[in-house]
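The values are calculated or read from the model by the stated rules, or taken from the named source; none is laboratory data. This structure is a prediction, so every number in the text was calculated from the model and none was measured. Cβ placement follows ideal geometry from the backbone for every residue including glycine, while neighbour counts extend to all protein chains displayed. In case anyone asks, the SASA skips ligands and DNA or RNA and just uses the protein heavy atoms, side chains included. Shrake-Rupley method; radii C 1.70, N 1.55, O 1.52, S 1.80 Å.
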Amino acid sequence: PPVPATAMMFAAAKLPVVSPSATQIITQADRAAVVLCATTVGEAMTFTFTVPATGDYELLADLILGDDHGIVTIAVNDRVLGKPFDTYAPERDSSGPMPLGKVTLDAGPEQLKITVTGKNRQAQKYLAGIKAFYLVKS
């Protein structure tokens, strides 16, 4: 679906990111994406972003798809939104902005965490990648 004009975009490549599992993270400049080089279930990366105003928001995410990508969950401040998402695809692509659910956020710094929960039988690895996420104020 198209991103609403009122959405705030957070480009993954421009945000601070760490891996609580000490997994390598790379930025792909050509795709403006951040990729977690996961090798097993449970590996994760956490982005810090700043919310301008307290309120209720819908979260959308634009994930990287590929034949070496796993199944992921996305959480905001440790609250998992939506269902696990299989990012396997036979060719490299992106999901486009996918709605993940609603969340109440306070103004100031917040965290978005992507965790690998498995992989498709056809997937070669457990990678997880994201281009951007969006917040739409309700």
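Just one of the listed residues (Leu127, Leu112, Leu100, Leu135) is on the phi < 0 side of the Ramachandran plot and modelled with pLDDT under 95, and it is Leu100.
In this structure, Ala75 qualifies as surrounded by 14 or more Cβ atoms within 10 Å (Cβ to Cβ) and modelled with pLDDT of 95 or more.
Exactly one residue among Val3, Val103, Val76 is under 17 Å from Leu135 (Cβ atoms) and in contact with an Asp or Glu (Cβ under 7 Å, 6 or more places away or on another chain), and that residue is Val76. Is it true that Thr39 is open to solvent by 80 Å² or more (accessible area, probe 1.4 Å) and part of a loop (DSSP other than H, G, I, E, B)? Spelling it out, Thr39 is indeed open to solvent by 80 Å² or more (accessible area, probe 1.4 Å) and part of a loop (DSSP other than H, G, I, E, B).
Comparison of Gly101, Gly118, Gly108 shows that the only residue that is within 20 Å of Leu36 (Cα to Cα) and open to solvent by less than 30 Å² (accessible area, probe 1.4 Å) is Gly118. Taking the criterion of being in contact with a strand residue (DSSP E or B) (Cβ under 6 Å, 6 or more places away or on another chain), assigned to a loop (DSSP other than H, G, I, E, B) and under 22 Å from Gln124 (Cα atoms), the residues of segment 16-36 that qualify are Ser19, Ser21, Thr23.
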